[in-house]
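S.K.: Can you read through this structure? Questions will come right after.
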Amino acid sequence: MQESTSILAQAWHLIASLDPTLLEIVSLSLRVSLSAVLIASLIAIPLGAILACYRFIGHSAITSVLTALMGLPPVVVGLGLYMLLSRSGPLGDLNLLFSSSAMVLAQSILILPIIASLMQQAIGEHYQRQLEQFKALGARQSQVILPLLWDARRALITSVLTGFGRASAEVGAVLIVGGNINHVSRVMTTTIALETSKGNLELAMALGLILLLISFSITSLMIIIRDDHRLKNRS
Amino acid sequence: MTQPNQHLPLCLDKVNYTIDNKALIEDFSVEIQSPGISMILGHNGAGKSLLLKLLHGVIEPSSGTIYWQQQIPNSQQYWRTLVLQKPSFFDRSVRFHLEFVLSLSHTEKAQQQERIEHALDVCGLSELQQRKVSSLSGGEIQRLSLARAWVLRPKVLLLDEPTVALDPPAAYQFETLVKQFRDSGSKIIMTTHDIPQAQRLADEVIFIYQGKLAEQADANSFFKAPTSSIAQHYLEGQLVVEG
């Protein structure tokens, strides 16, 4: 018990003193996850909106695949990317393996289906509710997508936050393609795994606390957005 | 009072609309050529709303033809607008909705402001133009629905039971607007369950029963002495309820 308290105290000291190693790892983690969220959102939001408003050949197949990919095992993504990016792989010439770019790519692949599926569901509900009205107004899908995105803005923010939460907590894929190299590809989750195995629990605990804080902040933000929406609907 | 309308006559020739082998509109032939307000009356499920949607082009007949002065309707012709019984809106301001429909109809920017101000003014929404739709009352929402249609300056206005959820003062306001639009030369085709309202507004009545045309008559003659027995029963039944 005393040891645990001591580890917690030292972990807190690392955070409070803004330890450079800690800051470097947190900073890289945020850069990687935010970049992944940005890239995934740029593809997933339009994709979700298109799937919500248009019907075309292959629509059901794409929707089914996206839904299935929401539960994509991270280590499988890591392995697949590793094979693509390794020297003998088809994208080996890009020299991306064991870099932060490879980690961004891995996280983007993992969260893209999540954001796209959530957006499809959210915009789909708004679209179906107004479909008859759109027909009566003679509005084409392309003309209603932007206003619908605005109507679904809370769901949009929630889905992006969900994606960020998933990305920042990811460990398997980034460990495989990033390699957990010091000052290059060491992020919070991979460092926690490494430092715990080495018995350096202070740094692992400090990073764990920050991860918890991020997770708590995201959840709180989503609850605030949801409650604000419900409150406005009631009034 | 009313002026000739270039989109009339409207002709329906043996129109059928079938879903799952069930004929919801059956062998429906009618010609509407008089200006003013044509009121579609009938029981619940008679096909009144479906008929309006067919006239607008939101849905297409399974067989038969609909011609507006030789033109087959499609939903992107803005001389004709349909106000749904349960209209829906974006989570945006009153004004946004008028701007939105004008952008759909590719109305010139220079004309947009003038048309929006006029529609807001006529429908009594000028004060509410920046308010979100979610904060409006039922009557205000129906007036917005009418303003959204009216801003397009339609020659034909199709109204599907527009006052069904309104209290008498709001319904009265709405009726006043409908008369105003009729007087400005627009053809109005409207459905209602409210017989006194039909008596106040209608110039012509089209009575339908189980998806078929039962009677088409001048409003005065219809309410005085309908020729079809089903319309007689309908009016008598309603009078009993009203009395």
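The values are calculated or read from the model by the stated rules, or taken from the named source; none is laboratory data. Since we're looking at a predicted model, the values are computed, not measured. Here Cβ is always computed from backbone atoms with ideal geometry, including for glycine, and neighbour counts include all displayed protein chains. Just the protein is used for accessible areas: all its heavy atoms, side chains included, with ligands, DNA and RNA removed. Shrake-Rupley method; radii C 1.70, N 1.55, O 1.52, S 1.80 Å.
S.K.: Can you name the number of the only condition in (1) within 14 Å of chain A (Cβ to nearest Cβ); (2) modelled with pLDDT under 95; (3) surrounded by 14 or more Cβ atoms within 10 Å (Cβ to Cβ); (4) outside any loop (DSSP other than H, G, I, E, B) that B:Leu120 fails?
M.R.: B:Leu120 satisfies all of (1) within 14 Å of chain A (Cβ to nearest Cβ); (2) modelled with pLDDT under 95; (3) surrounded by 14 or more Cβ atoms within 10 Å (Cβ to Cβ); (4) outside any loop (DSSP other than H, G, I, E, B) except (1).
S.K.: For the range B:124-163, give me each residue that is open to solvent by less than 20 Å² (accessible area, probe 1.4 Å) and small (Gly, Ala, Ser).
M.R.: Those that are open to solvent by less than 20 Å² (accessible area, probe 1.4 Å) and small (Gly, Ala, Ser): B:Gly139, B:Ser145, B:Ala147, B:Ala149.
S.K.: Among B:Gln69, B:Gln112, B:Gln85, which is the only one that is of a type in the set (S, T, N, Q), away from every other protein chain (no Cβ under 14 Å) and out of contact with any helix residue (DSSP H, G or I) (no Cβ under 6 Å at 6 or more places or on another chain)?
M.R.: Exactly one residue qualifies, and that residue is B:Gln69.
S.K.: I would also like to ask the following. Within the range B:12-40, can you find the residues that are touching an Asp or Glu at 6+ places or on another chain (Cβ under 7 Å), closer than 28 Å to B:Gln199 by Cβ and open to solvent by 40 Å² or more (accessible area, probe 1.4 Å)?
M.R.: Passing the criteria: B:Ser29, B:Ser34.
S.K.: Can you report the number of residues in the range B:96-108 which are open to solvent by less than 30 Å² (accessible area, probe 1.4 Å) and more than 10 Å from chain A (Cβ to nearest Cβ)?
M.R.: Count: 3.
S.K.: Next up: Have a look at B:His193, B:His118, B:His106 and point out the one that is under 21 Å from A:Leu146 (Cα atoms) and not aromatic (Phe, Trp, Tyr).
M.R.: Criteria check complete, one pass: B:His106.
Each row is one residue, and each column tells you yes or no for (1) crowded, with 18+ Cβ neighbours inside 10 Å; (2) within 14 Å of another protein chain (Cβ to nearest Cβ); (3) aliphatic (A, V, I, L, M).
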| site | (1), (2), (3) |
| --- | --- |
| A:Leu96 | yes, no, yes |
| A:Ile109 | yes, no, yes |
| A:Tyr127 | yes, yes, no |
| A:Trp150 | no, yes, no |
| A:Phe164 | yes, no, no |
| A:Asn180 | yes, no, no |
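S.K.: Is one or more of the residues making up the range B:172-180 out of contact with any helix residue (DSSP H, G or I) (no Cβ under 9 Å at 6 or more places or on another chain) and without any contact (Cβ under 8 Å) to a residue 40 or more places away in the chain? Even if it seems obvious, please write down each step before you answer.
M.R.: Here is the first cut: in the range B:172-180, the residues out of contact with any helix residue (DSSP H, G or I) (no Cβ under 9 Å at 6 or more places or on another chain) are B:172, B:176.
Then drop every residue that is not without any contact (Cβ under 8 Å) to a residue 40 or more places away in the chain, which leaves B:172, B:176.
Yes: one or more hits.
S.K.: Given the conditions (1) under 30 Å from A:Ser4 (Cα atoms); (2) modelled with pLDDT under 90, which single one is not true for A:Gly138?
M.R.: (1)
S.K.: Does the range A:211-234 include one or more residues that are in a helix (DSSP H, G or I), closer than 30 Å to B:Leu146 by Cβ and open to solvent by less than 70 Å² (accessible area, probe 1.4 Å)?
M.R.: The answer is yes; a qualifying residue exists.
S.K.: I would also like to ask the following. If I filter the range A:18-49 down to residues being touching a residue at least 24 places away in the same chain (Cβ under 8 Å) and open to solvent by 50 Å² or more (accessible area, probe 1.4 Å), which single residue comes out as farthest from A:Leu69 (Cα to Cα)?
M.R.: Here the residue is A:Thr21.
S.K.: Then there's this: Only one of B:Ala171, B:Ala231 is assigned to a helix (DSSP H, G or I) and open to solvent by less than 10 Å² (accessible area, probe 1.4 Å); which?
M.R.: B:Ala231
S.K.: With respect to A:Ile15, determine if the residue is touching a residue at least 40 places away in the same chain (Cβ under 8 Å) and open to solvent by 80 Å² or more (accessible area, probe 1.4 Å).
M.R.: no
S.K.: Quick check on the range B:48-66. Is at least one of its residues out of contact with any strand residue (DSSP E or B) (no Cβ under 6 Å at 6 or more places or on another chain), surrounded by fewer than 20 Cβ atoms within 10 Å (Cβ to Cβ) and of a type in the set (S, T, N, Q)?
M.R.: no
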